[in-house]
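The values are calculated or read from the model by the stated rules, or taken from the named source; none is laboratory data. A quick note: this is a predicted structure, and the numbers were derived from the prediction, not measured. Here the Cβ is made from the backbone with ideal geometry for all residues, glycine too, and neighbour counts use every protein chain on show. Each accessible area value is taken on the protein alone, full model and side chains, heavy atoms only, with ligands, DNA and RNA left out. Shrake-Rupley method; radii C 1.70, N 1.55, O 1.52, S 1.80 Å.
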Amino acid sequence: MKFQMIHKLVKPVIVGLVVVSSYACNTLDIEPVNNLTANQVFQSEAGVESVIVTCYSNLPIAAHNASIYGLRGDPDMPFSNWNNPSVLTGEAQVMPLRVGMAPKTLSGGHLSWWDYSSIRYVNLAIQELEANADVFFSQPEQYNHWLGELYFCRAYMYAYMVKCFGGVPIVKKSVSYIGLPEEELYIPRNTEKEVVDFIGDDLDLAMSLLGPNEVMSGRANRYVAANLKARVMLFAASEAKNGSVQLEGLVGIPQSEQTDYYKKAYEAAQFAVNNNGKYALYSKYDDGTIEGKTTNFWNLFLDESAENRERMFIKQYDATGAVNRPENWSARQLPHGFTTQANSGELSVTTEWLELFEDINGQPFVLNIGTESAPVRYSNPLDLFQKAQPRMRATVLLPGSRIPGKNDASAVFEVRKGIYESYPNGKLHESSNFTDTYQNMTIQGLCGVGNPNTNGNGCVVWKYVDPNATGVDWAGNVDWIDMRYAEVLLNKAEAAINIIGQEVGGKIITMEDALSAINPVRLRAGLPALTTLDETKVIQERRCELAFENQLIWDFKRWRIFESILQNKTYHALYPYYIFDEGRYIFKKHNRTELQYTFDAKAYYAPIPASAIDRNNKLLPNNPGY
């Protein structure tokens, strides 16, 4: 039975449930529970399916247009990419038009999510499904899988909350608040460790109940649940290693627990690795060449066919049809000349992020641009990136590169900051529009640097961009990949490197366990295999592989490295200039001092929302610094 048929069959019932769920009492949004049973939602397969789909739709997934001000986009400018989390992780910066409004410090509340209504809904679903187990007596595998999905959804919600707030109240049951004594009505926070352990228990149960295959795309199976557990345990281990316990454990994990959590992370990641061939790194276009590997990595985020076995847990986007959930990432990331948008190429990468990569020989990638007085000349601006690894080439548009997915040979990312008549003594021609020319040559090029409405740094973020998009707002159809197999391998590698010599499941962890996980990711990226590894290298690999996937902001928090990323930091643009009388290009780094960042350590945790404290003052004390 297709999803859209199920959804249509039970729509009147679900509308009633949504209305009931919209009312909130003065505690943790606890409400009367008789509506689900009265409507007999759990007496049919269609009813159960629709409730589970609602639970998935409530998950706090930060997808394409997620803003630091809201998971589903900026409330005032949901169409824009300018406040994407990557602008606060050193990955990217905004176009000049957005400088005045761009965030320049990380707030603890950025990307936070506190929603006990959604948790109540999934608690109620678990209770009612278990109460109606006899209805599905002849379908034990289906029943168990449904129950496993609900435990997964609850774990996902708590996992998001614990990384935002630390300890939060653990609510396992939906009960009527009428007649409850005050000690049951107002629920205090659990410690961060208690929440992590609760999530682990839920995911253990989910892994035991779920089958190996998801019901449909966008839903969980046992391996997806295992990777979520690896994420959560890795988070807890890092908190124990790098953070500190405060407020009697409401925030922080005891340092003594780090090894245990790294072991749990390793076990969970290994469970996901042992998936009987269901998941693997995407390699459809990887023919071993730089071009093939570049094409392969770029297509990884666009190929929604069954051939893409790297996709594990996704959020479907489709501007039409049954899903009816469009995205707007491509519309605003397409460069000028390839979009109908006035604002184009909104996010462009920092030079520091480019230099984070290794070159194709496994050496630090060097932007060989020379000096102001003796710059290196290039006949083609793309020649500067001759040794750039394919993963970098696929993640961003580099000056002079072909637009991936365009068959027209003239579809080139042509970008210039200006034209020198001669260098160094000739006149420099710059422009703030796309029409000014010098000697019949457009000063900015087709895609430009200098116009306030486009590309501010020279190299535009390209991951997840559909080259066939038109630029029309809210017409995008690219799914968001919340979990992919490369992350599983990186999770395993990070856990392993922290427990070498320790026993896990009867096996002593060795360097080879870490290398065997990280090297396939590197080889696919066009890099040589490593023969040794440390955590610094794992962190570098995650920053390159998972860039612009809205994960690094949480990685930086658990690694406690935001001081080095943001505090009093500015980042550089990379500008190509054309020397007219030579017919060659030079490059200059430009420090974007108008974007200077700050960081306050209290932002490692979000404040408990004032509205929640107003309803329940047992949530106090608030997190440190608030």
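In region 514-529, which residue that is over 24 Å from Ala63 (Cα atoms) and in contact (Cβ under 8 Å) with a residue 40 or more places away in the chain is farthest from the chain's Cα centre (by Cα)? Outline the logic, then answer.
Going residue by residue through region 514-529, those that are over 24 Å from Ala63 (Cα atoms) are 514-520, 522-524, 526-529.
With in contact (Cβ under 8 Å) with a residue 40 or more places away in the chain added as a condition, the list becomes 517, 520, 524, 526-528.
Working: Ala517: 21, Pro520: 21, Arg524: 20, Gly526: 23, Leu527: 23, Pro528: 26 Å.
It comes out as Pro528.
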Sort out which residues of region 481-494 are open to solvent by less than 10 Å² (accessible area, probe 1.4 Å) and either in a strand (DSSP E or B) or of a type in the set (S, T, N, Q) (or both), and write them in order of number. Ile481, Met483, Arg484, Asn491
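Residue by residue through region 89-124, note down the ones that are of a type in the set (Asp, Glu) and either without any contact (Cβ under 8 Å) to a residue 24 or more places away in the chain or within 16 Å of Gln551 (Cα to Cα) (or both).
From region 89-124, those of a type in the set (Asp, Glu) are 91, 115; that's our starting set.
Result: Glu91, single match.
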What are the pairs with Cβ atoms under 8 angstrom where one residue, in region 159-187, is over 15 Å from Arg120 (Cβ atoms) and the other, located anywhere, is charged (D, E, K, R) and assigned to a loop (DSSP other than H, G, I, E, B)? Sequence gap at least six, or different chains. Gly167/Arg189
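Could you pull out the residue among Val472, Val465 that is among the hydrophobic types (A, V, I, L, M, F, W, C), over 30 Å from Tyr262 (Cα atoms) and open to solvent by less than 10 Å² (accessible area, probe 1.4 Å)?
Details: Val472 fails: open to solvent by less than 10 Å² (accessible area, probe 1.4 Å).
The match here is Val465.
Looking at region 521-557, which of its residues are charged (D, E, K, R) and outside any helix (DSSP H, G or I)? Can you show your working first?
Narrowing region 521-557 to residues charged (D, E, K, R): 522, 524, 534-535, 537, 541-543, 545, 549, 555, 557.
Once the filter is applied, which keeps residues that are charged (D, E, K, R) and outside any helix (DSSP H, G or I), region 521-557 yields Asp534, Glu549.
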Answer yes or no: is there a residue in region 57-78 that is open to solvent by 20 Å² or more (accessible area, probe 1.4 Å) and at pLDDT 90 or above. yes
Can you tell me which residue within region 91-144, out of those that are open to solvent by less than 50 Å² (accessible area, probe 1.4 Å) and acidic (Asp, Glu), is farthest from Ser174 (Cα to Cα)? Glu91
Sort out which residues of region 291-311 are closer than 12 Å to Asp479 by Cα and either crowded, with 18+ Cβ neighbours inside 10 Å or out of contact with any strand residue (DSSP E or B) (no Cβ under 9 Å at 6 or more places or on another chain) (or both), and write them in order of number. Leu300, Phe301, Leu302, Ser305, Arg311
Note down all Cβ pairs under 6 Å where the first residue falls in region 491-508 and is touching a residue at least 60 places away in the same chain (Cβ under 8 Å), the second is hydrophobic (A, V, I, L, M, F, W, C) and part of a loop (DSSP other than H, G, I, E, B), and they're at least six residues apart or on different chains. Ala496/Ile509; Ile499/Ile509; Gln502/Ile509
Give region 497-511 a look and list any residue that's open to solvent by less than 40 Å² (accessible area, probe 1.4 Å) and touching a strand residue (DSSP E or B) at 6+ places or on another chain (Cβ under 9 Å), or say none. Ile509
Any residue that is polar (S, T, N, Q), open to solvent by less than 30 Å² (accessible area, probe 1.4 Å) and part of a loop (DSSP other than H, G, I, E, B) - is there at least one of those in region 558-569? no
Take Gly418 and decide whether it is among the small types (Gly, Ala, Ser) and surrounded by 24 or more Cβ atoms within 10 Å (Cβ to Cβ). no
Would you confirm whether any residue within region 378-400 is open to solvent by less than 10 Å² (accessible area, probe 1.4 Å) and on the phi > 0 side of the Ramachandran plot? no
Answer yes or no: is there a residue in region 230-248 that is closer than 19 Å to Glu310 by Cα and either at pLDDT 95 or above or under 23 Å from the mean Cα position of the chain (by Cα) (or both). yes
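Inside region 312-425, counting only helices (runs of 4 or more DSSP H) that do not spill past its ends, which hold 3 or more residues that are modelled with pLDDT of 95 or more? Please lay out each step first, then the result.
Working: elements: 329-333, 351-354, 390-395.
In region 312-425, the matching helices (runs of 4 or more DSSP H) lie at 351-354, 390-395.
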Tally time: how many residues in region 352-392 are touching a residue at least 60 places away in the same chain (Cβ under 8 Å) and among the hydroxyl-bearing types (Ser, Thr, Tyr)? 2
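Per-residue answers, yes or no, for (1) surrounded by fewer than 17 Cβ atoms within 10 Å (Cβ to Cβ); (2) in a helix (DSSP H, G or I):
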{"position": "Asp202", "(1), (2)": "no, yes"}
{"position": "Gly211", "(1), (2)": "yes, no"}
{"position": "Glu214", "(1), (2)": "no, no"}
{"position": "Met233", "(1), (2)": "no, yes"}
{"position": "Ala240", "(1), (2)": "no, yes"}
{"position": "Glu248", "(1), (2)": "yes, yes"}
{"position": "Lys264", "(1), (2)": "no, yes"}
{"position": "Lys278", "(1), (2)": "yes, no"}
{"position": "Leu281", "(1), (2)": "no, no"}
I'd like the residue in region 426-462 that is open to solvent by less than 10 Å² (accessible area, probe 1.4 Å) and outside any loop (DSSP other than H, G, I, E, B) and, out of all such residues, is modelled with the lowest pLDDT. Thr454
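Which of the residues spanning region 578-599 are charged (D, E, K, R), touching a Ser or Thr at 6+ places or on another chain (Cβ under 7 Å) and surrounded by fewer than 18 Cβ atoms within 10 Å (Cβ to Cβ)?
So in region 578-599, the residues charged (D, E, K, R) come out as 581-582, 584, 588-589, 592, 594.
Restricting the remaining residues to those that are touching a Ser or Thr at 6+ places or on another chain (Cβ under 7 Å) gives 581, 584, 589, 592.
Within region 578-599, Asp581, Lys589 qualify.
Select, from Ile253, Ile187, the only residue that is assigned to a loop (DSSP other than H, G, I, E, B), over 21 Å from Ile314 (Cα atoms), touching a Lys or Arg at 6+ places or on another chain (Cβ under 7 Å) and open to solvent by 20 Å² or more (accessible area, probe 1.4 Å). Give the steps one after another, and end with the answer.
Numbers: Ile253 fails: open to solvent by 20 Å² or more (accessible area, probe 1.4 Å).
Exactly one residue qualifies, and that residue is Ile187.
Please state which one of Ala514, Ala525 is at pLDDT 95 or above, open to solvent by less than 10 Å² (accessible area, probe 1.4 Å), over 30 Å from Cys153 (Cβ atoms) and out of contact with any Leu (no Cβ under 9 Å at 6 or more places or on another chain).
On the way: Ala514 fails: out of contact with any Leu (no Cβ under 9 Å at 6 or more places or on another chain).
One residue alone meets the criteria, Ala525.
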